[in-house]
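Some notes on the structure that comes next.
Where a number appears in this text, it was derived from the coordinates with a stated rule and is not lab data. Everything numeric here is computed off the predicted structure, so don't read it as measured data. Here the Cβ positions follow ideal geometry from the backbone for every residue, glycine too, while neighbour counts run over all protein chains shown.
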Amino acid sequence: MIKNLLHSKKSLLTSVATSIGIATATLAPATGAMASGSVTPFTADYKFTVENKYNGTATRQLTQNGNTWNYKVNARVSGVATANQSSTFTIHGNTVSPSSASTTYRIFGLGRTHNLSFNPSTKKVVSTYRGRSNTFSAPNGALDDLSLETQIRQDLLSGRFTGNYYLAKKDKVERTPFRKAGNYRITVPAGTYDTVRIDRVHDDNSRSTSFWLAPSLNYLPVKMTQNNDGKELKMELTRVN
């Protein structure tokens, strides 16, 4: 019974962490006009539910020091699990180039960490997990979860969104496509917004990921949903600074 409980909590945490990480686009401060074409520092809060019975909160923060950017996400289901992600990258023109990234999942204080190290000049990525490191080729370039989010936002702001991206994972570099799915007016705790919905394209028909971005807030993601084999996660914006 205990083993089954821990497995259930691990599945919950993985769902929460990966959903929060890859599904949303990088945030920008809530202003009344479109952004100038590049991300800016911000702090934003969200609430989320998993399977309509687990409640959690997440904080996302982007900071800048010169042309070095650091993006962090901290999420938690109180008393059960936490997920922490970070990414360091630079932005040259419209191109986001990550240098390192880290993701840690914890269940009742126990967990795993996955680290990524990028070398854009050699187009190589080093993935380290559970004490083992593997090097992968990335001829088309590669991004981690959070720098991918930033690249999506950059492309939307510049009108260059094609939906074609490559994501570095634990065991490979994988093509990760997205597509625009229409315009919607939605209400979340932070307010009511006109949005553009973008879907992640999954090979598995039992999975779906959608997120809603508000152009009037510089493509701020105001809502996200993910369904993985019938397990649904829903996340909504509550505040942005």
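Quick notes on this structure:
- Ranked packing of 196-204, 214-222, 98-106, 131-139, most packed first, by mean Cβ within 10 Å: 214-222, 98-106, 196-204, 131-139
- Above-threshold pairs, the threshold being 27 Å between Cα atoms, out of 72/169; 72/123; 47/172; 180/231: 47/172
- Peptides 44-51, 161-168 ordered by average Cβ neighbours within 10 Å, highest first: 44-51, 161-168
- Charge sum, other residues only, whose C-beta stays under 15 Å from residue 202's C-beta, Lys/Arg counted +1 and Asp/Glu -1: 0
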